[in-house]
Amino acid sequence: MTHTPRFASVDDVTERLATHGYLASDEIATTVYLADQLGKPLLIEGPAGVGKTALSAAVSAATDGELVRLQCYEGVDEARALYEWNHAKQLLRITAAGAHHDAAGADEADWGSVKEDIFTDEFLLSRPLLTAIRNAHPTVLLIDELDKADVEIEGLLLEVLSDFQVTVPELGTIRASQTPFVVLTSNATRELSEALRRRCLYLHIDYPEAELELRIVRLTVPDLDETLAASVVRLVGALREMRLRKSPSVAETIDWARTLVSLGTGGELQPELVRATLGVVLKHREDIELAVQTLDLDRALA
């Protein structure tokens with residue numbers, strides 16, 4: 001297995017990610033560079049909507065790699081993560097062979113041949129982990145929201161990510177010819193194992209500083225007036241300081257900016273419009289009520 005670094009420097013990471021619409025902080029760019037140089041998986045934690053998944057897509061685009069995604073959920077198992085056999089296709093093959101043998105006469109050697117035939121690559125359904133390992137071209141493997149999966153899946157990941165190889169009993173050991181860039185994301189709804197953490201570089205992505213978030217808004221919603229963009233970022237910052245059930249994410253800041261463009265809003269952001277569109281950034285009734293009751297919009301928008 002060969003490992004060829006994809007980035008030349010931290011500045012190279014920053015520039016190439018920005019080219020594909022991801023404005024990375026110095027911490028993010030440095031950690032991505034180190035994960036690339038060392039060939040180690042990158043574990044990213046942080047609130048939902050701060051750009052964890054988007055970072056994987058940007059790295060994939062910046063390196064001309066294929067993005068292979070394993071979306072985790074409760075109950076995801078080896079068959080969904082690694083591989084499984086195409087039982088329907090195998091059954092058709094057995095049925096066809098049986099019809100032929102009934103007509104021509106069969107012996108034990110013929111059936112042995114059929115059994116060997118149905119456990120070949122033709123009948124193998126490659127899932128994300130195996131797909132990333134088998135790819136001969138640059139690949140970014142995203143294991144998304146790992147904290148939603150059962151603890152047992154971490155054992156499988158430890159085995160696969162340690163050597164980047166998979167053993168299929170019927171086919172033997174399949175080894176990666178190149179090291180995929182691996183990103184694991186977590187919203188920290190449960191604690192991941194120390195064994196998994198030891199094998200990864202760690203990055204925590206939080207809500208960005210106001211200056212960086214403003215740059216993100218301007219990049220992704222270029223039609224929004226600059227004064228309005230600054231007002232949106234300032235107001236979202238004020239909302240995050242409140243004791244909300246769910247603070248607005250960067251993705252929701254961008255949605256709010258796009259909402260204002262869709263409404264044809266120009267000039268200053270008015271308190272009435274803010275109250276009417278709070279449902280774009282706050283997704284719980286009690287959060288909206290708290291914001292309306294306690295936030296001094298006239299002062300926040302000044």
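For segment 210-301, the dipole from Cβ point charges (+1 on Lys and Arg, -1 on Asp and Glu) about the Cα centre works out to 320 debye, to the nearest 20. What does a probe at ALA230 reach in segment 260-283, counting residues whose amide N is under 18 Å from the point 7 Å along Cα→Cβ? Counting backbone N atoms under 18 Å from the label point, the list is 266-271. The local environment of TYR207, defined by Cβ-Cβ distances under 13 Å, has a net charge of -3 under the rule Lys, Arg +1 and Asp, Glu -1.
At a threshold of 8 angstrom on Cα-Cα distance, excluding pairs fewer than six apart, so keeping six or more, what relative contact order does segment 239-301 reach in percent? Contact order relative to length: 46 percent. GNM on the chain, alpha-carbon springs under 10 angstrom: the most fluctuating residue among LEU201, LEU171, LEU67 is LEU171. Per atom type, segment 105-194 shows carbon and sulfur on 50% of its accessible surface, probed at 1.4 Å. In terms of overall dimensions, the C-alpha atoms belonging to segment 210-301 reach 32, 24, 21 Å along their principal axes, ordered largest to smallest.
Can you return the lysines within cross-link range of LYS89? Criterion is Cα-Cα under 25 Å, with same-chain partners fewer than 8 residues away left out. Within reach: LYS115. Computing Rg/Rh (Cα atoms, Kirkwood Rh) directly from the structure and comparing it against [x] 1.12; [y] 1.07; [z] 0.94 singles out [x]. Over the chain, accessible surface divided per residue gives 51 Å², non-protein components excluded, 1.4 Å probe.
Could you tally the net charge around VAL68, taking each other residue with its Cβ under 12 Å from the Cβ of VAL68, Lys/Arg +1 and Asp/Glu -1? Its environment carries a net charge of +1.
Tell me which of THR220, THR185, LEU235 sits at the most positive position along the dipole axis of segment 160-256, charges placed on C-beta atoms (Lys, Arg +1; Asp, Glu -1). The Cα lying farthest towards the positive end belongs to THR185. Listed by chain and number, the aspartates and glutamates whose alpha-carbon sits under 14 Å from that of LYS148, ignoring those within fewer than 8 places in the same chain, are GLU45, GLU74, ASP77, GLU191. Here the spin labels are modelled as points 7 Å beyond Cα on the Cα-Cβ line, and at ALA188 and TYR73 they lie 2.6 nm apart. Each label point was placed 7 Å from the Cα along the Cα-to-Cβ direction; for ALA210 and GLU66 their separation is 4.6 nm.
Would you mind telling me the share, in percent, of accessible area of segment 210-301 contributed by carbon and sulfur at probe 1.4 angstrom? Please report the intermediate quantities before stating the final value.
Details: 2330 of 5010 Å².
The nonpolar share, carbon plus sulfur, comes to 47 percent.
Work out how much length ALA18 to TRP85 would gain on full extension: take 0.36 nm times their residue separation and subtract the Cα-Cα distance, in nm to one decimal.
Values: separation 67, 0.36 × 67 = 24.12 nm, distance 4.09 nm.
Net length gain for the segment: 20.0 nm.
Put simply, when 172-184, 16-28 are sorted by average Cβ atoms within 10 angstrom per residue, most first, you get 172-184, 16-28. Straight-line cross-link reach from LYS246 at under 17 Å between alpha-carbon atoms covers these lysines, not counting any fewer than eight positions away in the same chain: LYS283. Full extension of the segment from THR167 to ARG218, taken as 0.36 nm per residue of separation minus the current Cα-Cα distance, would add 13.6 nm.
The values are calculated or read from the model by the stated rules, or taken from the named source; none is laboratory data. As the structure is a computational prediction, the values presented were derived from the model and not from experiment. Cβ: placed from backbone, ideal geometry, glycine included. Neighbour counts: every protein chain shown. Protein only, heavy atoms only, side chains kept; ligands, DNA and RNA dropped before computing areas. Shrake-Rupley method; radii C 1.70, N 1.55, O 1.52, S 1.80 Å.
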